[in-house]
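First comes the structure, then the notes that go with it.
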């Protein structure tokens, strides 16, 4: 059956995790939200709230069971409990979209070897990709995830806006997005880079900049410069 779990939070991560527990047959005693009375008979307490609320919510948890949070950039030591840890599922969570937990990597940390082993066994009920990571390593991982997911999605948002001005659907970009993502399964990202910045096609880049408002022009210029910097490092 696995440990009886209490999840503290009602956001995207909390709901997705509750579905994962249900599919894995792990008992979920409670999904706690502010104003609820917190159950104290859980075997594992998982805090899945906004980063700046983790420490405050943790103070509500009992000391009788391990308490962990799911944040990528929050230190384990913000939890006051002696038995504390981190259970970080590195994925983008959106309400209403089902997650294939078997493909989600988990990164764990705990205050003792015993609880690290407990978290590892728990995470393996959901996924085959489970890694032990220090807090500093996890912060770097989270930073990299922001570049991979959050920033790239924002760039798609900008592209969607540009296309919309000409009444073009964003769907025309999907084959390009899929091929770009597929290539990094076979090549290092720096080797898969294409485009006018990589080719140093100044005329195309200048024409692109002329089409953009000032704020996007700056982003275009900075990204193009970064592409050229990495390409130069690659060639040495």
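Percent of Cα-Cα pairs more than 17 Å apart in the stretch 138-235, please. Summing the P(r) of the stretch 138-235 above 17 Å gives 62 percent of all pairs. Between the beta carbons of residue 219 and residue 78, assuming R0 = 45 Å, the FRET efficiency works out to 0.85 to the nearest 0.05. Mean-square fluctuations from a GNM of the chain, with a 10 angstrom spring cutoff on Cα atoms, peak among 139, 50, 183 at 183.
So for the stretch 5-133, averaging the separation of alpha carbon pairs under 8 Å that are six or more residues apart and normalising by length, what relative contact order in percent results? Value for the stretch 5-133: 20 percent. Along its three principal directions, the equivalent ellipsoid of the stretch 5-133 from the Cα gyration tensor extends over semi-axes of 19, 17, 14 Å, largest first.
Given contacts defined as C-alpha pairs under 8 Å and at least six residues apart, what's the relative contact order of the stretch 138-235, whole-number percent? Display every interim value, and only then the final one.
Numbers: 29 pairs, mean separation 18.4, N = 98.
After rounding, I find 19 percent.
Determine the gain in length on full extension of the stretch residue 100-residue 60; use 0.36 nm per residue of separation and subtract their C-alpha separation, reporting nm with one decimal. Intermediate values should be presented prior to the final figure.
Details: separation 40, 0.36 × 40 = 14.40 nm, distance 3.10 nm.
So the chain would gain 11.3 nm between residue 100 and residue 60.
For the chain, modelled as a GNM whose springs connect Cα atoms under 10 angstrom apart, the maximal fluctuation among 155, 126, 218 occurs at 218.
Pull out the extension gain between residue 116 and residue 53, defined as 0.36 nm times the separation in residues minus the alpha carbon to alpha carbon distance; nm, one decimal.
Working: separation 63, 0.36 × 63 = 22.68 nm, distance 2.35 nm.
Taking residue 116 through residue 53 to full extension adds about 20.3 nm, to one decimal.
A full extension of the chain between residue 176 and residue 22 corresponds to an added length of 51.9 nm, given 0.36 nm per residue minus the alpha carbon distance.
Volume per residue, Å³, of the convex hull around the alpha-carbon atoms of the stretch 61-153?
Numbers: hull volume 10.1 nm³, N = 93.
Once divided by residue count, the hull of the stretch 61-153 is 109 Å³.
Above 27 angstrom, tally the Cα pairs of the chain and express them as a % of all pairs, no decimals. Pairs farther apart than 27 Å: 46 percent. Note on the chain: with a GNM built from Cα contacts shorter than 10 Å, the maximum mean-square fluctuation among 20, 195, 85 falls on 195. Computed on the chain, with alpha-carbon pairs under 8 angstrom and 6+ residues apart, the relative contact order is 12 percent. Think of it as helices only: each DSSP H run of n ≥ 4 in the chain is worth -39500 (n - 2.57), and spread over all residues that comes to -13000 deg cm²/dmol at 222 nm.
Computed from the coordinates by the stated procedures, all read-outs in this text should not be read as laboratory data. From a predicted model like this one, the values you see are computed outputs, not experimental measurements. In this analysis, Cβ positions are derived from the backbone assuming ideal geometry, glycine residues included, and neighbour counts consider all displayed protein chains.
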